[in-house]
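Enquirer: Quick one: the structure is below, questions incoming.
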Amino acid sequence: VNLATLTHPCISNQNGTYWFYEKSAESFPGQAFALEINKILYHTKTIYQDILIFESKTFGNVLVLNGIIQCTEKDEFAYQELITHVPIMAHPNPKKVLVIGGGDCGVIRELIKHVEDDTVEEITMVEIDDMVIQLSCKFLPSMAYQIRHPKVNLIIDDGFKYLKETTKKFDVIITDSSDPEGPAEEFFQINYFKLLLNALSINGIVIMQSSENIWLNLAYLKDLIYKAKQVFNNVQYCQCYMPSYTSGQLGLIIASNSEGDLTNPKVKCSSIIINKSTTVPLCCQLGQVIIYVGKQKKV
Ligand code: SAM
């Protein structure tokens with residue numbers, strides 16, 4: 001794809017260099033996050049969304065859906081580790097795991113560490129847009145390389161529809177969705193929390209990205225937590241730093257009908273290597289779990 005000929009509402013030429021701008025008049029008026037583009041790797045429109053993948057100057061390859069950054073090679077691990085390891089370690093015996101969304105496949109990469117640790121036995125992933133998976137395999141291989149693992153049952157379908165129809169029960173459900181503007185809209189409604197509860201085994205745990213963050217729209221976040229509390233007795237919030245998400249903070253809602261601190265690990269998970277990088281400082285502090293990047297998990 002030639003940068004000079006690509007017309008995209010998020011890309012502009014600034015004195016000869018091309019920049020991607022993440023803007024949203026609704027979610028974060030008056031501000032933008034920008035990354036300088038080295039080259040466009042792929043651009044397409046599926047029936048679900050606009051998909052753009054570019055090589056950035058400083059954040060590696062970047063996946064963008066409907067103008068919103070989903071992940072960058074530089075900081076994706078902070079999100080993927082938080083959304084995966086917190087619920088898995090908070091559950092006393094997580095055998096069956098469901099992932100809704102997750103097309104970049106980074107959550108699968110993290111879950112396979114728990115398969116290899118003989119904890120998780122079965123992973124189902126329901127992603128609506130097969131093109132996101134295919135393009136991630138091609139352009140984000142460090143995230144997507146475990147998607148063909150034999151323990152992964154990949155279903156291309158609408159996650160909301162899947163939850164309405166399934167009779168299966170899961171110990172942990174991870175909603176790794178895009179933001180509400182687009183095919184993930186229904187994930188931020190009370191009916192979705194009810195479907196999640198219905199698909200959970202006893203003591204099951206759900207976790208989802210909260211779409212808005214503490215700096216941009218606290219009222220939205222409070223409302224989402226309020227909705228979760230209508231369905232679950234135990235609702236908590238955990239967070240990490242994500243420089244590539246506008247305003248730099250990302251929060252997750254973790255919920256269950258079991259008691260106890262959901263950000264406090266129930267089991268000692270001995271030797272999961274969290275991330276290859278040795279240079280990035282401490283990224284997440286989760287109750288008693290501190291994940292040190294580049295070192296082994298300590299409980
Ligand atoms: N970490 C990212 C973030 O917070 O922005 C999200 C990663 S992942 C790429 C989001 C995925 O959710 C996308 O691949 C998108 O296609 C998928 N998705 C959106 N709506 C969906 C739905 N209704 N059912 C299943 N998957 C859905």
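Each reported figure results from applying straightforward, stated rules to the coordinates on display, with no laboratory input. In this text the structure is predicted, and so the values were computed from the model without any measurement. Cβ coordinates were reconstructed from backbone atoms using ideal geometry, including for glycine residues, and neighbour counts include every protein chain displayed.
Enquirer: Just to verify a number: FRET efficiency for Lys194 and Gln31, C-beta to C-beta distance, R0 = 30 Å, to 0.05?
Expert: Efficiency for this residue pair is about 0.30.
Enquirer: Using 17 Å as the cut-off for backbone N distance, which residues of the range 82-117 belong to the label zone defined by a point 7 Å from the Cα of Asp261 along Cα→Cβ?
Expert: Answer for the range 82-117: 86-92.
Enquirer: Continuing with this model, one more query. What number comes out for the charge environment of Trp19, summing +1 per Lys or Arg and -1 per Asp or Glu over other residues with Cβ under 10 Å away?
Expert: Charge balance in the 10 Å sphere: 0.
Enquirer: Where the only charges are on Cβ atoms (+1 Lys, Arg; -1 Asp, Glu), what is the dipole of the chain about its Cα centre, to the nearest 20 debye?
Expert: Once rounded to the nearest 20, the dipole reads 640 debye.
Enquirer: Counting only C-alpha contacts under 8 Å and six or more residues apart, can you give the relative contact order of the chain as a whole percent?
Expert: 15 percent
Enquirer: Continuing with the same structure: For the chain, what is the calculated [θ] at 222 nm in deg cm²/dmol (nearest 500), taking -39500 (n - 2.57) for each run of four or more DSSP H residues and dividing by its residue count?
Expert: -7000 deg cm²/dmol
Enquirer: In nm, give the distance between the simple-model label positions of Asn233 and Asn93, each being 7 Å from the Cα along the Cα-to-Cβ direction.
Expert: 2.0 nm
Enquirer: Quickly work out the Glu121-to-His43 label distance, labels modelled 7 Å from Cα along the C-beta direction, and quote it in nm with one decimal.
Expert: Roughly 4.9 nm, to one decimal.
Enquirer: What is the Cα radius of gyration of the chain over 2.2 N^0.38 Å, N being its residue count?
Expert: 0.96
Enquirer: Taking R0 as 30 Å, what FRET efficiency do you get between Ser12 and Trp215 from their Cβ-Cβ distance, rounded to the nearest 0.05?
Expert: It comes out at approximately 0.75.
Enquirer: Moving on. Lys and Arg at +1, Asp and Glu at -1: add these up for the other residues within a Cβ distance under 13 Å of Ser136 and post the number.
Expert: -4
Enquirer: How large is ³J(HN,Hα), in whole Hz, for each residue of the range 157-167 in order, when computed from phi with the Karplus curve 6.51 cos²θ - 1.76 cosθ + 1.60 and θ = phi - 60°, using x for Gly and Pro?
Expert: 6, 6, x, 5, 4, 4, 5, 5, 9, 6, 10
Enquirer: Can you compute 3J(HN,Hα) from phi for each residue in the range 66-77, using the Karplus curve 6.51 cos²θ - 1.76 cosθ + 1.60 with θ = phi - 60°, rounded to whole Hz and x for Gly and Pro?
Expert: Once rounded to whole Hz, the list reads 6, x, 10, 5, 9, 6, 10, 4, 6, 10, 4, 4.
Enquirer: Now a separate question. Starting from the Cα of Leu3, step 7 Å along the direction of its Cβ; do the same at Thr167; then give the gap between the two resulting points in nm.
Expert: It works out to 5.5 nm between the two label points.
Enquirer: Give the angle, between 0 and 90 degrees and rounded to the nearest 10, that separates the Cα long axis of helix 106-116 from the longest principal axis of the Cα atoms of the chain.
Expert: 40 degrees
Enquirer: In nm², what is the average projected area of the convex hull enclosing the Cα atoms of the range 76-187?
Expert: Reported value for the Cα convex hull: 6.7 nm².
Enquirer: Near Ser201, within a Cβ-to-Cβ distance under 14 Å, what is the net charge of the other residues, with Lys and Arg +1 and Asp and Glu -1?
Expert: Its environment carries a net charge of +1.
Enquirer: Please list, ordered by chain and number, the residues whose modelled amide H lies under 5 Å from the amide H of Asn61; skip anything fewer than 5 residues away on the same chain.
Expert: Placed amide hydrogens put Ser56, Glu73 under 5 Å from Asn61.
Enquirer: Related question: If packing is taken as the average count of other Cβ atoms within 10 Å, what order do 20-28, 75-83, 122-130 fall into, highest mean first?
Expert: The most tightly packed comes first, giving 75-83, 122-130, 20-28.
Enquirer: Further question: Please turn the phi angles of the range 206-218 into ³J(HN,Hα) values with the Karplus equation 6.51 cos²θ - 1.76 cosθ + 1.60 (θ = phi - 60°), one per residue in order, whole Hz, x for glycine and proline.
Expert: Each residue of the range 206-218 in turn: 10, 9, 8, 6, 9, 6, 9, 10, 5, 8, 9, 7, 5 Hz.
Enquirer: Taking the radius of gyration and the Kirkwood hydrodynamic radius from Cα positions alone, what is the Rg/Rh ratio for the range 26-136, to two decimal places?
Expert: Rounded to two decimals, Rg/Rh equals 1.02.
Enquirer: Now for a separate question. Return the FRET efficiency for the residue pair Gln249, Asp223: r is the Cβ-Cβ distance, R0 is 22 Å, and the value is rounded to the nearest 0.05.
Expert: About 0.80, to the nearest 0.05.
Enquirer: Out of all DSSP beta bridges in the range 76-291, what portion is antiparallel? Express it as a percent rounded to 5.
Expert: For the range 76-291, the DSSP antiparallel bridge percentage is about 45.
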